[in-house]
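Just so it is clear, none of the values below were taken in a lab; they were calculated from the coordinates. Everything numeric here is computed off the predicted structure, so don't read it as measured data. Methodologically, a virtual Cβ is constructed for each residue, glycine included, from the backbone with ideal geometry; neighbour enumeration extends over all protein chains shown.
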Amino acid sequence: MVEIPVRRAQLIAPFGPGALTVTKEGVSVICAGVDHWYKDYYGTYENTDLDHYKIREWRLERLLNVSHFRLPPDFRVKGQSDLDINLYLNVPFLRFPQWHYCRFCGRLEKFKLHVSSNRLECPSCKKKGNSNHLVQVPYVAMCEHGHLQDFPWREWVHAEVNPNCKQPMYLESTGGTGLSSMVVKCECGISPRSLMRVTSASPNGTTFLSENLDKNKDIVFTCQGKRPWLGTEDSEPCSNHLRATLRNASNLYFAKVKSAIYIPGDNKKEVEEVIDIFQTETFQTFLGLLNEVQLSNEKKVEKLRNLAKRELKPYSDSLLKEALSRLDAEFKPNELEINETRYEHQLRYEEYKVLTETTDQHNLKIKSFAMKEYKKDVSDFFSDVFLVEKLKETRVLAGFTRVISENGLSTDELKNMLRQTNLSSQDENWLPAYEVYGEGIFLKLDEKKLCDWEQNTEVLKRIKPLQDKFDDLYSQGRIEYKEISPRYVLIHTLAHLLINQLTFDCGYSTAALRERLYVSNHTQESMNGLLIYTAAGDSDGTMGGLVKMAKPGYLEAVIKKAIENARWCTADPVCMEIGSQGGQGPDSANLAACHNCTLVPETACEEFNRFLDRALIIGDLQTNKIGFFN
């Protein structure tokens, strides 16, 4: 049995189902799918009470079309659990890759998927009277649709898609440091073959491994559709090219995490009462007519109140809109993928409205100061500053990708990668999640000044390359839809600059801080704010240092330093010039933004460090007129 002390939060990211990690004994293992969670030592659910692990966040349930979420299981021994339930639960990890080799003689051996962490002895060395152990090979193979398999050692050395040879193979090094020095041999006498260029891939998705594995150049060796994290060696159809990679490569696993900030007013009982009213025959007729003309929920509420004043009088407009949103999610599951962008926007807008008001709830505490208490460094550019002394965030693992962070798969396809079971059952239609608590700073830019600035023709010309890059990535299915507007790039870049500055002032590391962007140009639901926050897995989740920096007398210095630091990058003038000549960074989706000035850890950024340009903050080398803070 492999015993790995993994925190529950790490089972959401970065060590969720399908992810590789290494045990303290040096064994590479892969986290099993959620089908195998919550089972005891005997592989049963007899003493498991799943209600102890269920958590609710209806806005994310609506977005992801699931019935509920579950906390990852925690390991308890007898005496740590009431009524002796939920004892000895664990999350299985399977030994992967299955191929092993001897570091002394190079012998390659393949083993079945299992959970043993015992050291395995080399059979070739044993015959010679030596006692040497096998270690796992350093290379695996993956595809853009999330499949993972062992590197095709036998196929590669024989240069055939379906070789008949069963002779022992050897992986040997000729003494170099690159892939060309790694050679695969077979006892059948075929010529050895090096691993040179097996990790190479073209921008169009083709790979050297798939196109050159078979000596017949007309045959392409494609992905075999393996999903070892589900505990099986079965395959599913897949036509993607296969890409070799190191098993500890950073692009082997990208967790698809969706999150939501708790907002007060989620009165579940009252919403269910409204839903019961809406499901009556009379209201079904009303709603059917309103759906035909495709009105917004706000307009629907207005029309429904005119039609049924007495029945709906006890309920607020926000409550009625929540009920309509849940009905949309419940009765239109086939439209959920189409409307996912709209639901994501609605989720953010609901949070935005709450974050722009003071409140004192158990899970959300927000305070503010009058803007006249701040100096011009703040009051000239921001309309509101809110101190979020406590917040609760729910983070959900909705799937994962490999090779690239976005691969064009739908939410349902990503969810299905986590399990084998059919999601037709409501009891099985769940996703793993956890709740964290923290603190933050919410800043709202001056709307009038922002609107005047983003209409500047020079500003629009500046971000045109980023808009073109987004269109290109979106057409390839490598990114979710969003509007790349001047205010989006400005607010996103400002968030990065503030995160980098706050690490020096508040005591948190850059990896501990996160951004949450609230940006929209819609006339009815305009947003122009950003939340910089931190959230920890314990019940406290805050040290108070971040909130303190939002108070008058502190925030001015933070913003001023962040802007001043953006004026000159240690890579300038190259950094600023590259921005005006095609872009840089991930997918070349940044202008004047690099690791020396603007980028932050990927866990802190919503866009994997893309769509940034500090020229929109302070201007470029030719003119400072495009800089919002100039």
Modelling each spin label as a point 7 Å along the Cα-to-Cβ direction, I'd like the LYS461/TYR45 distance in nm, to one decimal. 6.3 nm
Report ³J(HN,Hα) in whole Hz for each residue of segment 15-26, in order, from the Karplus equation J = 6.51 cos²θ - 1.76 cosθ + 1.60 where θ = phi - 60°; Gly and Pro get x. 10, x, x, x, 9, 9, 9, 10, 6, 5, 7, x
Could you order peptides 612-618, 72-78 by the average number of other Cβ atoms within 10 Å of their residues, highest first? 612-618, 72-78
Give, rounded to the nearest 20 debye, the magnitude of the charge dipole that the chain has about its Cα centre when Lys and Arg contribute +1 at Cβ and Asp and Glu contribute -1 at Cβ. 1640 debye
Among [x] 200; [y] 163; [z] 222, the entry matching volume of the Cα convex hull per residue in Å³ as calculated here is [x]
What ranking do 161-174, 90-103 get when scored by the average of other Cβ atoms within 10 Å per residue, highest first? 90-103, 161-174
By the mean-Cβ-within-10 Å protection proxy, highest first, 590-602, 308-320, 469-481 rank as 590-602, 469-481, 308-320
The answer for LYS226, listing residues at least 5 apart or on another chain whose modeled amide H is closer than 5 Å to its amide H, is LEU148, GLU236
For segment 29-71, shape from the Cα gyration tensor axes a ≥ b ≥ c, cut at a/c of 1.5 then a/b versus b/c, turns out oblate
Please tell me which of these pairs span more than 25 angstrom C-alpha to C-alpha: LYS415/LYS469; LYS353/LYS449; LYS24/LYS110? LYS415/LYS469
So what's the Cα pair-distance distribution over segment 494-539, bin width 10 Å, in %? 24, 42, 24, 10
Among DSSP beta bridges lying fully in the chain, give the percent that are antiparallel, nearest 5. 95 percent
In whole Å, largest first, what are the principal axis extents of the Cα atoms in segment 95-248? 50, 35, 31
Which of rounded, prolate, oblate describes segment 1-91, given a ≥ b ≥ c as roots of the alpha-carbon gyration tensor eigenvalues and a/c under 1.5 marking rounded, otherwise prolate only if a/b is larger than b/c? oblate
Cα lying deepest toward the dipole's positive end in the chain, options SER383, ALA244, SER124, charges on Cβ: SER124
Sites GLU373 and GLU344, calculated FRET efficiency, Cβ-Cβ separation with R0 35 Å, nearest 0.05: 0.50
Would you mind giving the average projected area, over all directions, of the Cα convex hull of segment 341-618 in nm² with one decimal? 15.8 nm²
Can you tell me which lysines have their Cα less than 21 Å from the Cα of LYS313? Leave out same-chain residues fewer than eight positions away. LYS268, LYS269, LYS299, LYS300, LYS303, LYS321
Each residue of segment 603-612 in order: what ³J(HN,Hα) in whole Hz does its phi give by Karplus 6.51 cos²θ - 1.76 cosθ + 1.60, θ = phi - 60°, with x for Gly and Pro? 5, 8, 10, 7, 10, 6, 6, 10, 6, 10
Taking a ≥ b ≥ c as the square roots of the eigenvalues of the Cα gyration tensor of segment 48-153, is the shape rounded (a/c under 1.5), prolate (a/b larger than b/c) or oblate? oblate
What would the Debye formula give as log10 I(q)/I(0) at q = 0.26 Å⁻¹ for the alpha-carbon point model of segment 146-203, no solvent? -1.14
Through the Karplus equation 6.51 cos²θ - 1.76 cosθ + 1.60, θ set to phi - 60°, convert the phi angles of segment 524-530 into ³J(HN,Hα) values in whole Hz; use x for Gly and Pro. 7, 10, 5, 9, 8, x, 9
